1. Show me the GluC sites (Glu not before Pro) within segment 44-141 that DSSP assigns to loop and that have at most 11 other Cβ atoms within 10 Å of their Cβ.
2. What are the ³J(HN,Hα) couplings of segment 72-78, residue after residue, when phi is run through the Karplus curve with 6.51, -1.76, 1.60 and θ = phi - 60°? Round to Hz, x for glycine and proline.
3. At a Förster radius of 25 Å, what calculated FRET efficiency corresponds to the Cβ-Cβ distance of Thr209 and Glu381, to the nearest 0.05?
4. Please state, to two decimals, what the Cα-based radius of gyration of segment 46-113 comes to when divided by 2.2 N^0.38 Å (N = residues).
5. Applying a 10 Å radius around every beta-carbon, put 186-194, 98-106 in order of their mean neighbour count, most first.
6. For a 26 Å ceiling on Cα separation, which of these pairs sit above it: Lys148/Lys358; Lys87/Lys194; Lys197/Lys277; Lys133/Lys157; Lys187/Lys357?
7. Give me the percent relative contact order of segment 46-113, please, defined on Cα pairs under 8 angstrom at least 6 residues apart.
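Throughout, read-outs are computed from the coordinates displayed, never taken from laboratory work. Predicted model only: the values in this text are computed from it and were never measured. Positions of Cβ are generated from backbone atoms using ideal geometry, with glycine treated the same way; all protein chains shown enter the neighbour counts.
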Amino acid sequence: MSKFIKIVALAVIGLIVFSGKIYAKYTYYFEETIAEFSRDNDQPICQVSYSTEEQTNQNVTVTIVANKEIEQVSGFQLLEDQKTLTKVVTQNESKTIIIRDISGNCTTVEYGVDNIDKEPPQIIGCENGRTYKAPLILDYSDNDEIEKIEINQYEDKLVLACQGVYYDCAQYYGTGKTKSEITLQIKANPQNAKKYKYYANNQLYATSTEKEYQFAGLKAGTEYLLKVQALDNLGNILDESEITTKTSYYGSIDSQKTENQFQATFYDMESSTTKIKYAIWNVFNEKKVIWKEAEIVDKKAQIDFSQFNLTNYPNYMIHAYLYDEDDEILDIVEFSIDFATEYEEPKSKEENFYEIKKSGKYEIKVVDFAGNETIYNIKVE
């Protein structure tokens, strides 16, 4: 750094006469800086950031922030602080630019945007608005990756189903019977339905775009009237439907495995329960349903698996009826048992493969990870 200084001497003399001699009383000096010069040889340091680095179908804003004032760069906007550059990128690009500060020092900055995807996925095997014969086999593709596939059957009315409801016991209860955690599913809906309101005994539990909802906090052994309203984009009710069910009394089941047996301990069941009648099948849908009976002593029952090959099919579902000593059914329970420590699940079909077997009207919706979606409405006869 260089500095030029101008010194101005101004003598203001007050005269004092002493012993015949004259003396100056005061003298003043003024110093003034007229110029300072410095030389900046440091390159600007720049940080690059992006409005999002996730897959998106929207534009991405590139922001470059320097540690000191810089000059304008073509294609970018220089903000008021003279240190920040921004650019809205509409399609993927990677470039190198030169950034120069006000002293003329330069630095090279690279930026790259590769997460913009504005191309919708493709539905292969049908065309929008057409009618087809069942079964209809569909496939899907995308330039990147598909996040979600929905095959929604729609009708003029809302159709509900309650997962795990045992309607074959309606003669005992007058209603279907479920576990305490009730999952309600929408099997079909009006075509323009966009969201759903879920009620239990006229209490609103949720408003959701999902076609499945699990009610939490329901009381055991209690009858519930479940209701769903289908709404359009404006919130108008297109249709509503109800289903009646009753939760189970049991709260949980503990287990202890042996070679061919499973000891089940039931909690929160009615004290008069004395026996269990049960059927078993494996989770891979092997058709083996063999009804057996066992006593319940101190809330415990022995489930026999001797008729099954536990090595080939280690996972099983138990469907059980709980009875009192007068052979009156008190409760219905369903639970799973896993005899395996390690096993391989059977290979599933291709993820994007789907077969429509039933006739009806369908909305096919495919969404990729960037948020692009393709929706077809077709009819299958």
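1. Details: sites: Glu53, Glu54, Glu69, Glu71, Glu80, Glu93, Glu110, Glu127; in loops: Glu53, Glu54, Glu69, Glu71, Glu80, Glu127.
Answer by residue number: Glu53, Glu54, Glu80, Glu127.
2. 5, 10, 4, x, 10, 9, 8
3. Numbers: r = 29 Å, r/R0 = 1.16.
About 0.30, to the nearest 0.05.
4. On the way: Rg = 12.1 Å, N = 68, 2.2 N^0.38 = 10.9 Å.
With N residues counted in segment 46-113, Rg over 2.2 N^0.38 Å equals 1.10.
5. 186-194, 98-106
6. Details: Lys148/Lys358 21 Å; Lys87/Lys194 36 Å; Lys197/Lys277 38 Å; Lys133/Lys157 23 Å; Lys187/Lys357 15 Å.
Over 26 Å Cα-Cα: Lys87/Lys194; Lys197/Lys277.
7. Details: 124 pairs, mean separation 18.8, N = 68.
The value is 28 percent.
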